[in-house]
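Down below is the structure, laid out as structure tokens.
We did not get these values from a lab; they are worked out from the coordinates using the rules stated. These numbers were taken from a predicted model, which means no experiment stands behind them. Glycine gets a Cβ as well: all are built from the backbone with ideal geometry, and neighbour counts include every protein chain shown.
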Amino acid sequence: MKAAEEGRMTTHVRKSQSVSYTGKKNIKQKNEKRFYNATPMHNQSDQTYIDQTAGFVKNQLANAEAGHDWWHILRVWNNAKLLLTKEPADRLICELAALLHDIADSKFHDGDETIAPRITGEFLSGIGVDSNRVRHVQDIVQHMSYKSSLDGATFHSPELAIVQDADRLDAIGAIGIARAFHYGGFKNRELYNPTIAPVIHRDKASYKNSTAPTLNHFYEKLLLLKDQMNTETARTLAASRHAFMEQYLEQFYHEWGSVGQTD
Ligand code: ADP
Ligand code: NI
């Protein structure tokens, strides 16, 4: 998904969801235009649930760090709506889960993975969403993280597939690069260290405990995501973002030159 399309999507969101956003609008990118052909429609009560949830999440994430803040939620929500134009699923579940998926990320809550599903359940039940959908959104919130997928997650649904892809698209490409270095700064990590090789994390504990330089994260996660997309539509959208990261890495090594090479 390129800037022009994202601009169009966000413009659409501004109209239908009253969310302010200043996306870029004018760059011509023809290839992915075919994805932008449907306006999400909801019945009135579904729209009310979504509006209430968006307001709640925006408020809750007011002080979140930039990689997991309201802008991230908006981008993931837009990605989910985009995927929904091509992939069949329950629209309300997808949109609610996209909005709530980072409501209490365990890595910012001492590793506690029960908080997010609990807040999700309490909030959605409180505004009157039916109990089956509440349970489904809780399951998505609990299972969609990359860490869960390393742990052999057992829950699957078309709605999880869509929201997970929407989140993964935001982890790659230009925005993915910005988020990775932002997170690395937040954790006081080195940008790059040619003496520390990337490792492929085979389980959740190893992934969570890594303190490697940020560039390693590209090899440990970001470059793997294009092949881990659940839906065909997301796989297509991931391709150009992936290519951009490869180009970025090439330039990075070019500029780094021989700095720090010890032999
Ligand atoms: P999830 O929340 O899906 O389990 P993570 O918490 O691993 O995924 O990562 C979410 C985002 O946070 C990543 O896409 C990346 O932008 C950033 N991030 C997480 N771990 C690292 C890391 N070790 N280095 C750089 N960025 C990271
Ligand atoms: Ni997220």
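With a point put 7 Å past each Cα toward its Cβ, work out how far ASN59 is from GLN44 in nm, to one decimal.
So the two model labels end up 2.3 nm from each other.
In the range 202-223, which residues have a backbone nitrogen under 13 Å from the label point lying 7 Å from PHE155's Cα in the Cα-to-Cβ direction?
Taking a point 7 Å out along Cα→Cβ of PHE155, no residue of the range 202-223 has its backbone N under 13 Å.
Modelled label-to-label distance, SER240 and SER106, 7 Å Cα→beta-carbon offset: nm?
Computed distance between label sites SER240 and SER106 equals 3.5 nm.
With θ set to phi - 60° and the Karplus curve 6.51 cos²θ - 1.76 cosθ + 1.60, what are the ³J(HN,Hα) couplings of the range 107-118 in order, to the nearest whole Hz, using x for Gly and Pro?
Once rounded to whole Hz, the list reads 6, 9, 10, 6, x, 6, 8, 9, 5, 4, x, 5.
Which order do peptides 86-97, 213-224, 184-195, 110-121 fall in by mean Cβ count within 10 Å, highest first? Intermediate values should be presented prior to the final figure.
On the way: 86-97: 21.9, 213-224: 19.1, 184-195: 13.8, 110-121: 15.7.
Averaged packing, sorted descending, gives the order 86-97, 213-224, 110-121, 184-195.
Give me a comma-separated list of calculated 3J(HN,Hα) values for the range 74-91, in order, Karplus coefficients 6.51, -1.76, 1.60 applied at θ = phi - 60°, integers in Hz, x for any Gly or Pro.
Taking θ as phi minus 60°, the curve returns 4, 5, 5, 4, 4, 4, 5, 5, 5, 5, 5, 6, 10, 10, x, 5, 6, 5 Hz for the range 74-91.
So, by mean Cβ neighbours within 10 angstrom, what's the order for 64-72, 124-132 with the highest one leading?
On the way: 64-72: 17.8, 124-132: 14.2.
The densest-packed peptide leads the list: 64-72, 124-132.
If R0 is 22 Å, what FRET efficiency do you get for LEU191 and HIS254 from their C-beta distance, rounded to 0.05?
Values: r = 15 Å, r/R0 = 0.67.
Efficiency computed from Cβ-Cβ geometry: 0.90.
Cross-link list LYS86/LYS107; LYS58/LYS107; LYS147/LYS187; LYS58/LYS221: which exceed 24 angstrom alpha carbon to alpha carbon?
Details: LYS86/LYS107 32 Å; LYS58/LYS107 19 Å; LYS147/LYS187 18 Å; LYS58/LYS221 27 Å.
Checking Cα-Cα distances, LYS86/LYS107; LYS58/LYS221 exceed 24 Å.
For the range 209-263, rounded, prolate or oblate, judged on the Cα gyration tensor with a ≥ b ≥ c (square roots of eigenvalues), a/c < 1.5 rounded, else prolate if a/b > b/c? Could the numbers behind the result be given before it?
Numbers: a/c = 4.52, a/b = 1.81, b/c = 2.50.
Oblate, since a/c reaches 1.5 and b/c is not below a/b.
So how far apart, in nm, are the two label points at ASP130 and THR114 if each is 7 Å from Cα heading toward Cβ?
Inter-label distance under the simple model: 2.9 nm.
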